[in-house]
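Undergrad: Provided herewith is a single structure, encoded as structure tokens, for subsequent inquiry.
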Amino acid sequence: MTTNPSIFFSYQKLMSYLQKIKIVCGERGNGKSYGAKKICLMRGRKTKKLCFVWVRREVTEVEELKSQFLDDIKHDPEFENDLFEVRGWKIYYLEPTGEPDEYKRYLIGKFIALSTSQNLKSSIYHNVSLIIYDEYISLKTYLKNELTLWKDLLESVLRMRENWQIFMISNAMTTQSPYYDFYDIKFDGAKEFTTSEFAVLQYCDSKAYREAKKNTTLGKLFAKDEYGKHSIENEFLLDDTSNIKVYKGYKQYGTTLILEGIKMGVWICGNGIIYIDGQVQQGNAYSIYSEDVKNNEDCYLMTKQSRTFQFLKKKFYDNTIYYNNLKIKNACTLMFRKYLQNY
């Protein structure tokens, strides 16, 4: 890791909170995933049972992760006398049998892709006490009906048990997430800890880590770049506040959008401007998500070829869409990212 491990993120303060769902958002590369991995492997070493599952969004992400999952822990003094192994989508703890090069293998963890997690409903996870969702904030787009998939996964793994914790880990991409709405977290990035009944979110903003990173070659290279504000200064990459305003002029109601359950009014204003806010009126609604269509009356699936989407796409390219707040803008931006190729 480094000769100065004290600059990296520690789970000590977060673990003192009683909420079962623990969310970590902060600088890239500051040890968030590494710390969660240590907790999992230490528990696996102790229990010698399947005690954790590690979740990523897509199968390709899991394939990339599992090939290097154990690389960094090989140099950690905590595990200098331990052997672990990844076989397929499973993680094992190896115990010497006394015979040369022979070990007893204990299954302690599994990798899961959220996109295919519905295939796991018949699996048994009665000893799993840790669920890690790594990179829960998407830089591109969320899965179709992602929250439903997440709820199904929790039901499949946890059932009616209470002896569990969930760690959700992400870089500082945005203060908006459908998971924050689900957990009733009002994250504004202004304080270290935000809590609700079920979840606690820690915004890890490490000055020592940032200063050390600034002095690296890449840190100096990124210093004046927009990406550097995210990579080094821990600014939220997706929280672009341009085109956000409170519109007070004349506007005529156009239609309703429903995106991941968020209802939005699309208004036609003067000078070719479109304004999207949270005020909706009666009439047809459109969504790109089938779950929204199923759960809302008079809601229609909007395809790339739909007249409504084609109209909004033109306005998006013309940069003549304005939004009432960041939550609405981010939801619409993810819609365009999902449907527009090469965006």
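The values are calculated or read from the model by the stated rules, or taken from the named source; none is laboratory data. Keep in mind the model is a prediction, meaning the values are calculated, not measured. Note that each Cβ is placed from the backbone with ideal geometry, even for glycine, and that neighbours are counted across all protein chains shown. These accessible areas exclude ligands, DNA and RNA; they are computed on the full protein's heavy atoms, side chains included. Shrake-Rupley method; radii C 1.70, N 1.55, O 1.52, S 1.80 Å.
Undergrad: State the number of residues belonging to region 71-93 that are surrounded by 10 or more Cβ atoms within 10 Å (Cβ to Cβ) and within 15 Å of Leu50 (Cβ to Cβ).
TA: Number of matching residues: 9.
Undergrad: Consider Thr308 carefully, then state whether it is touching a Ser or Thr at 6+ places or on another chain (Cβ under 7 Å) and polar (S, T, N, Q).
TA: Answer is yes for this residue.
Undergrad: Which residues, taken from region 260-273, are open to solvent by less than 30 Å² (accessible area, probe 1.4 Å) and farther than 21 Å from Asn295 by Cα? Reasoning before the result, please.
TA: Taking region 260-273 first, the residues open to solvent by less than 30 Å² (accessible area, probe 1.4 Å) are 264-267, 269.
Selection gives Trp267, Cys269.
Undergrad: Can you find a residue that is touching a residue at least 60 places away in the same chain (Cβ under 8 Å), of a type outside the set (Phe, Trp, Tyr) and surrounded by fewer than 12 Cβ atoms within 10 Å (Cβ to Cβ) anywhere in region 61-69?
TA: Pass one, region 61-69, residues touching a residue at least 60 places away in the same chain (Cβ under 8 Å): 61, 65.
Among the residues that remain, those that are also of a type outside the set (Phe, Trp, Tyr) are: 61, 65.
From the residues that got through so far, the ones that are surrounded by fewer than 12 Cβ atoms within 10 Å (Cβ to Cβ) too are none.
For region 61-69, residues touching a residue at least 60 places away in the same chain (Cβ under 8 Å), of a type outside the set (Phe, Trp, Tyr) and surrounded by fewer than 12 Cβ atoms within 10 Å (Cβ to Cβ): absent.
Undergrad: Would you mind listing the helices (runs of 4 or more DSSP H) fully within region 174-227 where at least 2 residues are of a type outside the set (Gly, Ala, Ser), crowded, with 18+ Cβ neighbours inside 10 Å and at pLDDT 70 or above? I'd like the intermediate steps shown before the answer.
TA: Details: elements: 178-183, 207-214, 217-222.
Per the criteria, 178-183.
Undergrad: Any idea which of (1) closer than 14 Å to Tyr106 by Cα; (2) in a strand (DSSP E or B) is the one Ile23 doesn't satisfy?
TA: (1)
Undergrad: Search region 48-60 for residues being among the β-branched types (Val, Ile, Thr) and buried (at least 17 other Cβ atoms within 10 Å of the Cβ), and hand back the single one that is farthest from Leu147 (Cα to Cα). Explain how you work it out, then say what you get.
TA: Here is the first cut: in region 48-60, the ones among the β-branched types (Val, Ile, Thr) are 53, 55, 59-60.
Right, trim to buried (at least 17 other Cβ atoms within 10 Å of the Cβ) and you get 53, 55.
On the way: Val53: 18, Val55: 14 Å.
Among those that are among the β-branched types (Val, Ile, Thr) and buried (at least 17 other Cβ atoms within 10 Å of the Cβ), it is Val53.
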